[in-house]
Amino acid sequence: MVSCLSHLECAGCGRTLPASRLWNLCPDCGRPLLARYDLDAAARAVRRADLAGREPNMWRYRELLPVQDLAGAPILGAGWTPLVHTRRLGEALGFRSLYIKDESLNPTGSFKARGLEVAVARAKELGARALAIPSAGNAAGAMSACAALAGLPAHVFMPADVPQTFRAECTALGAEVTLVDGLITDCGRRVREGVEAHGWFDLSTLKEPYRIEGKKTMGYELAEQMAWHLPDVIIYPTGGGTGLVGMWKAFDEMERMGWIGSARPRMVSVQASGCAPIVRAFQEGQEHAELWQGAATIADGLRVPAAIGDFLILRALRESGGTAVAVDDGDMLEAVRLLGAHTGIFACPEGGATLAAAIALKEQGWLGRDEAIVLFNTGTGLKYSHLWR
Ligand SMILES: *Cc1c(COP(=O)(O)O)cnc(C)c1O
């Protein structure tokens, strides 16, 4: 066994639970569960220098991932995406060290593959027999792909107005797709009904402990790709916040293993003006975010009116000295164009949002010319062709 997983711990009440069976939320307080590892054992099992010879995907960090039997696991190979130093774009905007972590190169075209690959492999290992997810976009496709590879039935619930590409991907990958009249929250209710009636395993964001484990590998990769010096600022398009919370967790784990020091990037959450619950809560000094009424944006990954991990996102933003920014849909698309014309990367609107935020923060003097800044392009623009003509 290579995984150093030791137990699960509730992010709300701190209760610990055995990791040897499937869990969703904490049975006591209903908050998310987090995976904990024997980090001393992990530090003995793998040193930073050992990583260089390992596979070019996120399983290079297998000691820090929960899957026990890797040989038999359904693995698509997500991760180890390029960290691009965008010299032309940086020069145009007045940044010396502007980087893009290009997650569009993952299987199924988005970073959702990281989280779902780990969650599905672990669910299968622990005996799940059918999987379900509510999703307005990339998570559904990633889950469908992972379930297909695992040979497990996949039940996808999407809002009826979801762009056709996202739906087509799931159907082509063999998932059973149900369109729901309503929002992602209504889809979530349909999943819960299926869980009760048929015993499906619910893979909703942060409602099981392992999607965040896949997403945290972005933090490990950033550190390794930047020679173990984290950037000054990370700008992240935030929906459910799994990636941001996951990276924050990864930094903590790496420090405890002696891989990095105590310096941390300032973490920035970007949301759409039409759905910005985290930005509002951050500005108002709240610990939790209130549900955003009438959520509307072209950035499907950001159309999340309420995040169950809101307090974890807000905590990371504040502890890091970061901030939260809302961006208009029009500015996102303008930024996609600017980014594309200077880098050759066709970004998703969520990726464009990070550039729009960087421009705004530079104008405010919040970002300096010499800072090392990482933008996350979380998915491919190819799935959003309906936005262009
Ligand atoms: C899901 C998604 C996001 C938001 O990710 P979280 O980690 O849930 O905040 C951002 N961009 C894209 C393309 C997505 O699919």
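Within the set of other residues whose C-beta is less than 13 Å from the C-beta of residue 272, count the net charge using Lys and Arg as +1 and Asp and Glu as -1.
Details: positive: 280, 303; negative: 300, 328, 329, 331, 350.
Once positives and negatives cancel, what remains is -3.
Just the Cα atoms of region 81-389, one point each, no solvent: what log10 I(q)/I(0) does Debye give at q = 0.08, 0.09, 0.14, 0.15 Å⁻¹?
Summing over Cα pairs of region 81-389 leads to -0.32, -0.41, -1.03, -1.19.
Ordering 300, 370 by accessible area with a probe of 1.4 Å, largest first, what comes out?
The most accessible residue leads, giving 370, 300.
Net charge within 9 Å of residue 217 by Cβ-Cβ distance, Lys/Arg positive one each and Asp/Glu negative one each, not counting residue 217 itself? Working shown, then result.
On the way: positive: 60, 114, 215, 216; negative: 213, 221.
Here the charged neighbours net out to +2.
Test of the criteria: in region 2-96, which trypsin sites (Lys or Arg not before Pro) are in a DSSP loop and have at most 16 other Cβ atoms within 10 angstrom of their Cβ?
Within region 2-96, the qualifying trypsin sites (Lys or Arg not before Pro) (loop, at most 16 other Cβ atoms within 10 Å) are 15, 21, 47, 54, 96.
With 23 Å as the limit, write out which pairs from 112/207; 112/362; 101/215; 215/362 have Cα-Cα distances beyond it, or answer none. Before the final figure, lay out each step's value.
Working: 112/207 15 Å; 112/362 29 Å; 101/215 13 Å; 215/362 28 Å.
112/362; 215/362, as the Cα separations exceed 23 Å there.
Just to compare against my own numbers: the Cα pair-distance distribution for region 227-372, 10 Å bins, whole % per bin, please.
12, 40, 35, 12, 1
The values are calculated or read from the model by the stated rules, or taken from the named source; none is laboratory data. It should be emphasised that the depicted structure is a prediction, and the values quoted were computed from it without experimental measurement. All Cβ positions, glycine included, derive from the backbone under ideal geometry; neighbour counts span all protein chains shown. Just so you know, the surface numbers come from the protein's heavy atoms only, side chains and all, with ligands and any DNA or RNA stripped out. Shrake-Rupley method; radii C 1.70, N 1.55, O 1.52, S 1.80 Å.
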